[in-house]
Amino acid sequence: MEIEELFNRVVKEELEGDTLNEIEKAFEEAKKIVEDNYRKIEAEYLGKVDSYVKKSIEEIEGERAKLEVENKRAILSEKEFWINRVYEEAMKRIEKVVGSQQYKESLSNILKREATQKSIVYCSKRDVQTVKSALKGLKLNAEVSEADMIGGLKIMNKETGEVKDYSLKLFLDQVFDNMRGKLSDILFGDL
């Protein structure tokens, strides 16, 4: 039985050695497959995570840009409110101007320079007597008509229909438009 035992032992060792080698090879291949699949899955999920992060960043940037626009609008609206308050205050203070002697002299100078016998002079109710008196002093028989004005004059040539506007509102509007940027700088600085 020695031969038989020897044969069984050799076959067993040979089979075990081949089997172990094959098992080791199979294990290495399986390990490689698992590692490859792990890398693929990892890359796939990292790609998805990266995509979600990019999408989230884009959404945040979009919201930030939207908020910046809304903020700028709110600031501009607030600036416009305060600039308009300054304008309203200037309009209120015109009342002091129209009562002054310098204002009356200015009306007279405008009439002297612009009015003719063929003129219609429009002025505020408050200025009608001043204008009539100035025209009388200039020996002009121009027509005087009351208009809804805060002050100043509008002189229309009856023949041509041309109107020259020397109203205080027009002057204030022009000065205010020209000074708007400077006024904004004074009120708000670098806002």
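The values are calculated or read from the model by the stated rules, or taken from the named source; none is laboratory data. What you see is a predicted model; the values in this text were computed from it and never measured. Here the Cβ positions follow ideal geometry from the backbone for every residue, glycine too, while neighbour counts run over all protein chains shown.
Among all residues of segment 86-99, there is at least one that is in contact (Cβ under 8 Å) with a residue 60 or more places away in the chain, β-branched (V, I, T), within 27 Å of F176 (Cα to Cα) and touching a Ser or Thr at 6+ places or on another chain (Cβ under 8 Å). Can you tell me which residue within segment 115-136, out of those that are modelled with pLDDT of 90 or more, among the charged types (D, E, K, R) and surrounded by 13 or more Cβ atoms within 10 Å (Cβ to Cβ), is nearest to Y103 (Cα to Cα)? Among residues in segment 115-136 that are modelled with pLDDT of 90 or more, among the charged types (D, E, K, R) and surrounded by 13 or more Cβ atoms within 10 Å (Cβ to Cβ), the one nearest to Y103 (Cα to Cα) is D127.
Taking segment 137-156 as the range and being of a type in the set (K, R) and either in contact with a Leu (Cβ under 6 Å, 6 or more places away or on another chain) or under 21 Å from S100 (Cβ atoms) (or both) as the test, only K154 passes.
Taking the criterion of being within 28 Å of D127 (Cβ to Cβ) and either hydroxyl-bearing (S, T, Y) or modelled with pLDDT of 90 or more (or both), the only residue of segment 174-189 that qualifies is Q174. Just one residue in the set E58, E78 is over 12 Å from the mean Cα position of the chain (by Cα) and either part of a helix (DSSP H, G or I) or surrounded by 10 or more Cβ atoms within 10 Å (Cβ to Cβ) (or both); that residue is E58.
Contact map, segment 171-182: residues that are assigned by TED's automatic domain parsing to the domain that holds L153 and farther than 17 Å from L153 by Cα paired with residues that are surrounded by 10 or more Cβ atoms within 10 Å (Cβ to Cβ) and β-branched (V, I, T), Cβ distance under 8 Å, separation 6+ or inter-chain. Pairs shown: R180/I83.
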